[in-house]
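Colleague: Below are the structure tokens for one structure; questions will follow.
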Amino acid sequence: MQSFSFKCPTEIIFGRGAEEQIAEKIRAYGGSRVFIVYGGGSAIRSGLLPRIENQLTAAGLAMEVRGGVKPNPRVSWVRGAIDDARAFAADFVLAVGGGSVIDSAKGVAHGLANPGTDIWDFWSGKEKLTVTTPLAAVVTMAAAGSEMSDSSVLTNEETGAKSGLNSELNRPALAFLNPELTYTLPKKQLACGIADILMHTLERYFTSIKEMNELTDLFAEALMKNLIAQSRIALQDQTNYDAMSEILWTAGVSHCGLTELGRCKDFACHKLGHPLSGRFDVPHGASLTAVWGSWAEYVWQDDPERFAKFAERVWGITEGTTEQRARSGIEATVNYFREMEMPTNFTELGIGIQGKESLDALADMVTARGTKTVANFHPLDKQAALDIYNLANK
Ligand code: NZQ
Ligand code: ZN
């Protein structure tokens, strides 16, 4: 096991009615002027946002509300919201929605605390983030795990770049997780979310670190096995409280860092997927399943034993040679994506077969125009990114 330090300070309030504690918890964290961020309207239609507003008003907390965050959230929206939040003199930010809303709210929290700095400078790496504003998330979608993660992903529509900012300051102070709030998700979004949750642990399971790390392996394998089992129940019945609870809690756990302790994350498919969702505005989870099978086909021979272990422990595949088991595990995973009606190539993703120039531009985005390699299980230079995109381009 490699050395590590780990701190995930987010206070989790989980269960039916969790969001009824928002006002008292925000007060306990010192908030009195709350800037609420939401998305395209699902939080209004479900009645969640009006209930939160009533609760804050009754508790004597001042609030300002701003909606309109789109999936694959844009930095321009965040800039406008920072101006509003500053004019309101907000001292606390509350996100009500999925990963896009929470990531945008993180941008607002950072912008509020850093007047004079353009927010994108933190995402581009030009400036280092050292201070932020307290933030809470009311999660309405099990997926990105932003409610506990150290990451926030924004798209700069001027350049088409979709970038993640990693910082411990991205971890929210509070997260309210009520599985019932996720019942209204469209089935397609539920499947996209489940795929993303699985991928957050998969992309930590396959890394370059070969040292023994059995506890983290067992933990990751249990998470993936249980997620697959619960997803099969939830996709048949989205109001199954038990299954939706398991999935919602798994979303946070899968991306908080626990399944990478003692090693490092790879995230190759995330690096390949971000240019696809940044450019074609496809859902994040779909961008990942569209490339995972191609990535696995391209890299599995780097470490067949690892793929065989995954096949055996997660899919129960025990027959055959190491290589046969490795391949069967990949096939089982791709079949699982198909079972969830998730895309496994570009045509199924809805972007069609891409020409040479388009693939080249995508590979440029992954590798900063061929100047860097990404991931570590199989480091991807521009040619490797192109090769994998070519495999998915059908
Ligand atoms: O905008 P509204 O109207 O709320 O509708 C949303 C949106 O259309 C809808 N939705 C959410 N909860 C709902 C609901 N509809 C009905 N009922 C509910 N309860 O679902 C749609 C998708 O929402 P979005 O927030 O975009 O989805 P998700 O949670 O998958 O977030 C995706 C974003 O997170 C980023 C992705 O790249 C993408 O931009 N990620 C963030 C990460 C992080 N911060 O740690 C890590 C991830 O790897 C990921 O990159
Ligand atoms: Zn993800």
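The values are calculated or read from the model by the stated rules, or taken from the named source; none is laboratory data. The structure presented is a predicted model; accordingly, all values stated were derived computationally and were not measured. Because the Cβ atoms are built from the backbone with ideal geometry, glycine has one as well, and the counts that use them run over all protein chains shown. The accessibility values were calculated without ligands, DNA or RNA, using every heavy atom of the protein model including side chains. Shrake-Rupley method; radii C 1.70, N 1.55, O 1.52, S 1.80 Å.
Colleague: Condition (residue is within 16 Å of ligand 2 (Cβ to nearest atom) and farther than 25 Å from residue 379 by Cα) applied to the range 327-344: is it met by at least one residue?
Modeller: Yes, that holds for at least one residue.
Yes/no per residue for (1) under 22 Å from the mean Cα position of the chain (by Cα); (2) in a loop (DSSP other than H, G, I, E, B); (3) modelled with pLDDT under 95:
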residue	(1), (2), (3)
332	no, no, no
342	yes, yes, no
357	no, no, no
372	no, yes, no
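Colleague: Let me ask something else. With 373, 322, 344, 333 as the choices, which residue is in contact with a strand residue (DSSP E or B) (Cβ under 7 Å, 6 or more places away or on another chain) and either on the phi < 0 side of the Ramachandran plot or in the same structural domain as residue 279 (by TED's automatic domain parsing) (or both)? Outline the logic, then answer.
Modeller: Details: 322 fails: in contact with a strand residue (DSSP E or B) (Cβ under 7 Å, 6 or more places away or on another chain); 344 fails: in contact with a strand residue (DSSP E or B) (Cβ under 7 Å, 6 or more places away or on another chain); 333 fails: in contact with a strand residue (DSSP E or B) (Cβ under 7 Å, 6 or more places away or on another chain).
Result: 373 is the single residue among 373, 322, 344, 333 that is in contact with a strand residue (DSSP E or B) (Cβ under 7 Å, 6 or more places away or on another chain) and either on the phi < 0 side of the Ramachandran plot or in the same structural domain as residue 279 (by TED's automatic domain parsing) (or both).
Colleague: Separate question: Of all the residues that make up the range 310-329, how many are part of a helix (DSSP H, G or I) and open to solvent by 20 Å² or more (accessible area, probe 1.4 Å)? Give the derivation first.
Modeller: Step one: list which residues in the range 310-329 are part of a helix (DSSP H, G or I), which gives 310-315, 322-329.
From the residues that got through so far, the ones that are open to solvent by 20 Å² or more (accessible area, probe 1.4 Å) too are 312-313, 315, 322-325, 327-328.
Within the range 310-329, residues that are part of a helix (DSSP H, G or I) and open to solvent by 20 Å² or more (accessible area, probe 1.4 Å) number 9.
Colleague: Go through the range 179-193 and give me each residue that's within 10 Å of ligand 1 (Cβ to nearest atom) and of a type outside the set (Lys, Arg). Before the answer, list the steps.
Modeller: Taking the range 179-193 first, the residues within 10 Å of ligand 1 (Cβ to nearest atom) are 180-186, 188-190, 192-193.
Hits for the range 179-193 are 180, 181, 182, 183, 184, 185, 186, 189, 190, 192, 193.
Residue by residue, here is whether (1) in contact with a Phe, Trp or Tyr (Cβ under 7 Å, 6 or more places away or on another chain); (2) open to solvent by less than 50 Å² (accessible area, probe 1.4 Å); (3) not assigned by TED's automatic domain parsing to the domain that holds residue 378 holds:
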site: 238; (1), (2), (3): yes, yes, no
site: 243; (1), (2), (3): no, yes, no
site: 246; (1), (2), (3): no, no, no
site: 255; (1), (2), (3): no, yes, no
site: 258; (1), (2), (3): yes, no, no
site: 262; (1), (2), (3): yes, yes, no
site: 281; (1), (2), (3): no, no, no
site: 288; (1), (2), (3): no, yes, no
site: 308; (1), (2), (3): no, yes, no
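Colleague: How do the pairs read when you match residues in the range 150-169 that are modelled with pLDDT of 95 or more and among the aliphatic types (A, V, I, L, M) with residues anywhere that are outside any strand (DSSP E or B) and within 11 Å of ligand 1 (Cβ to nearest atom), using Cβ under 7 Å and keeping only pairs 6 or more apart or on different chains?
Modeller: Once the first residue is modelled with pLDDT of 95 or more and among the aliphatic types (A, V, I, L, M) and sits in the range 150-169, its partners that are outside any strand (DSSP E or B) and within 11 Å of ligand 1 (Cβ to nearest atom) give 153/103; 154/73; 154/103; 154/107.
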